[in-house]
Amino acid sequence: QRVQRVRKVKIKDPVVIGDHVIIDPGDDYTGMVREVLPRRNKISRMAAGDSRREQLLAANIDRVVPVFAVANPTPDWNMLDRMLGIAEWQDLPVSILINKMDLETGSVRDITSIYERIGYPVTYTSTETDLGKDAVSDLFGSGTSLLMGASGVGKSTLLNWLQPGLKLRTGEVSHVMGDGKHTTTHLQLVSLDGGGLVGDIPGVKEFKLWGIVPEDIPELFREFGPYIGQCKFSDCLHIHEPSCAIKEAVDAGDISDLRYQSYLRIRKSP
Ligand code: GDP
Ligand code: ZN
């Protein structure tokens, strides 16, 4: 196991998963990040406890992989909709992963089929019964995948399962936040033998949308697309207005109520 620690000096920007950097080896070859190269895309959230601050989580990502467990912890589908919103905002492909299928007692596919119907592929896994191993290896096989999931859904276990004897490469980056406070975040980027890089940001509990104005929120729900612009009022918020095409589609069962309720929650508090 090779652990790399790269220190970083005097760069305003934090270094995040997926960043391409220029490293100065230094006299003793400990390595210093000299420069963070321009980012092709950025995954950010609202900093926990500070709605005015952006927290950059990752960059140069090829695919976002929200990870949920069937149980333990109980899935928070509103959190999934926020993760999907972050990915939609960056036009990134998404693939949902449902782990701990060995704990399934019956109803998870009632929910996941809602997401499959609107075009988000879902992969079902169990590291206990080896379900879905080939499918996940294929999914991660190229580019950089970013795992997003609550603590305990099994992200670390999944990585160890895919790559026994994991040659884990980790980096501890001391972030200097805008207010000058130092916090240490443990970032993990694993390089799989079969190809592909997988990033994980342990310990992230919430995914509040950053940099999105309320008027943009409907666009983050891809199945709303055909109905946007069809409401009676051109400035319809799709909340209480009469003759709202989105609400009519919910009533007709063409948009899932679960997703619409998520829309309302995100609208209230991003
Ligand atoms: P992380 O916080 O997302 O990295 O989650 P961990 O990888 O630490 O896993 C949390 C717990 O879930 C551990 O006790 C694992 O053994 C357990 N776990 C992981 N995958 C599965 C699974 O497929 N089925 C079951 N039943 N437990 C699992
Ligand atoms: Zn409307």
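The values are calculated or read from the model by the stated rules, or taken from the named source; none is laboratory data. The structure displayed is predicted, hence computed values, not measured ones. Please note: Cβ atoms are built from the backbone with ideal geometry, for glycine as well, and neighbour counts cover all protein chains shown. All accessible areas refer to the heavy atoms of the entire protein, side chains included, with ligands and DNA or RNA removed. Shrake-Rupley method; radii C 1.70, N 1.55, O 1.52, S 1.80 Å.
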Exercise. Report, by chain and number, residues whose modeled amide H sits under 5 Å from the one on residue 196, excluding near sequence neighbours (fewer than 5 apart, same chain).
Key: 143
Self-check item: residue 41-residue 53 pseudo-label distance in nm [points 7 Å out on the Cα-to-Cβ vector]
Solution: 2.6
Exercise. Between residue 235 and residue 251, with labels modelled 7 Å along Cα→Cβ, what's the label distance in nm to one decimal, could you check?
Key: 2.4
Self-check item: Shape category assigned to the range 74-133 from the gyration tensor of Cα positions, a/c cut at 1.5
Solution: prolate
Quiz prompt | Accessible surface, per residue, of the chain when the full set of protein chains is kept, probe 1.4 Å, Å² | solution = 51
Exercise. Would you mind computing, in nm to one decimal, how far apart the modelled labels at residue 74 and residue 137 are, each placed 7 Å from Cα along Cα→Cβ?
Key: 3.7
Self-check item: Folded to 0 to 90 degrees: helix 108-117 orientation relative to the chain principal axis, Cα
Solution: 80
Self-check item: Once the Cα gyration tensor of the chain is diagonalised, semi-axes √(5λ) in Å
Solution: 35, 25, 14
Quiz item: Within the accessible area of the chain, what % is carbon and sulfur when the probe is 1.4 Å and the other protein chains stay in place?
Solution: 49
Quiz item: Rounded to the nearest 5, what is the percent of antiparallel bridges among the DSSP beta bridges in the chain?
Solution: 55
